[in-house]
Structures are given as structure tokens and as C-alpha cells.
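Below is one structure, written out as C-alpha cells; comments come after it.
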Amino acid sequence: MNRSSLVFSRAYTKPPTVSPSTATSSATAEEIAAPDTASATAAAPPADVLLDPSGSELSPGFIDTAIANLPPALQFGDLAALGLVGWTPAGLVRWSLEVINVATGLPWFWTLVVGSLFWKALLVPLSVQGLRNSARILPLQPQIVASQEEMKRIRISGDKLALQRHALKMRKMYKDAGVNMGVTALMPFVQIPVTLGMFFGVKKMCDLPVVQLAQSGLGMLPDLTVPDPYMILPVVLCAAVNMQIQVSTFASV
């Protein structure tokens, strides 16, 4: 048998066909386990995209508009430019609030709180001295009543020399008791302007209004230019003033 007959005598064998499922199964374990980075990237939002609480995407234009609508921070001299600063009690109170707000950067609600505490702190020495005077005058009440009756008789008689002697006697009595009548007489002339200055000073800032007061920094009162619809603060203020009057009455008895 020659070589050619040997070649043709061999049975023809068809090469094996590879099905698609076989080709897929022949992929390596690493290729199968590798995640689809393209789909994962498409599913996750970009890092610079902002979402609102509902989950929808906020457009950059909306964000820019919201930022642009925020009032600018108050600067030194802004209230003076609006005519809100002067040498009146209300003008001085507004100037102090401007200084506190610009210097500390506090929201306006807390600026008003700090400003109120500042002006109350200025009155503390006078208040303490007034309470001391009240405590020292209490033991002298019988003598004061008798002295007032005597002064009435002297005025009716018209004796000016006796009136001067009686005034010196009263002054010596107060001095010996450690009572400073000047502070007692000065208290109303200091407390009333400060109290009215705080009230009318803040009221005019809200009525104008000063645009920064619309961002109070407190969730319960977001806009200080709008009156409290629940009337909580006025009721609390009236209750506090009434309590203060009652305490002062009991202390003087």
C-alpha cells in the first residue's frame, strides 16, 4: 500500500464545532466575577449632583438662584445708611445690635438675645444698689413717716430755716443707714429709656424691614419681621412682667 492510498483510506473526521454556550462557559473565572463597571458608573449619580430630600436632582440653576436670593450679611454702617442709628435710646440699641451681629456672626435671633442681656447687664449695678437701698430703708419706715408729717407742719408754718434743718436731719438719717437716695432716684430714668429703646428699636427694624431679620436662625421663628401667629412670646412676656411686679411688691412689704 502506497502513501496516497493510506491517506485516502483514513476516515474523514469533521472538526468539532463550538456552540455559543460552550464559548461563554469557557470564559475565565476572573472575567465572570468582574463587575460591569460601565453599568455601575451609569447607575450611581455623579458626586457633584445635589439631591433634594425627595431624591430628585436639583439643577445647578436652581441652586444658584436659591443662593442669590439669600440676603447679604449685615456690615458696619448698614443700619446707619438706613437711618436706624442715632443718639436716641432706640438708635443706640440698634447700633449695639449691629456691632454684636457683625462682630460675632450670630443669627439674628441670638443677636437679639445677646443684645438684651448686654443692656440688662449694664443695669445690674444700679439694680443691686436699688435693692440694697430698699432693704436698708425698711427699718426706717416709722421714722420716715414721722419725718414726713413734721415736714408738712413746717411747710404750713412757712419757716424756711426749720425746713432746711429738717432736710439736713433727713439726709443724716439716710447717710447713717447707708442709703444712697441718688441711686434710688436715678433708677427710673435709666431703666425706662433702656426698656423703651429695646422695644422701639427692634420694632422699627422689623417694620422697615431689615432684610437680614427674615433669616432668624431659629426654626420656631424663621422670619422675625412677621408677628408670632400663636402669640406665645407676648403671653410669656406679660407673665414675666407680672411676676416681676409681684416679687417687687412682696419684697417691699
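Coordinate-derived values only; no laboratory data. Because the structure is predicted, anything quoted here is derived from the model rather than measured. Using ideal geometry, Cβ is built from the backbone for each residue, glycine included, and neighbour counts are taken over all protein chains shown.
Listing for the model above:
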| read-out | value |
| --- | --- |
| Under 5 Å, built H, 5+ apart or other chain: amide partners of Asp159 | none |
| ³J(HN,Hα), Karplus 6.51/-1.76/1.60, whole Hz, each residue of segment 235-240, x for Gly, Pro | 5, 5, 5, 4, 5, 5 |
| Simple Cβ-charge dipole of segment 170-253, Lys/Arg +1 and Asp/Glu -1, about Cα centre, in debye nearest 20 | 500 |
| Theoretical FRET efficiency, 1/(1+(r/R0)^6), r = Cβ-Cβ of Phe200 and Ala135, R0 25 Å, to 0.05 | 0.15 |
| 15 Å beta-carbon shell around Trp119, net charge (K/R +1, D/E -1) | +1 |
| Convex hull (Cα only) mean projected area of segment 189-243, reported in nm² to one decimal | 4.7 |
| Residues Val190, Val102, Val247 arranged by fewest to most Cβ contacts within 10 Å | Val247, Val190, Val102 |
| Spin-label proximity, Phe76 to segment 93-125 - amide N less than 13 Å from point 7 Å beyond Cα toward beta carbon | 98-104 |
| Net charge of neighbours whose Cβ lies under 15 Å from the Cβ of Val210, counting Lys and Arg as +1 and Asp and Glu as -1 | -1 |
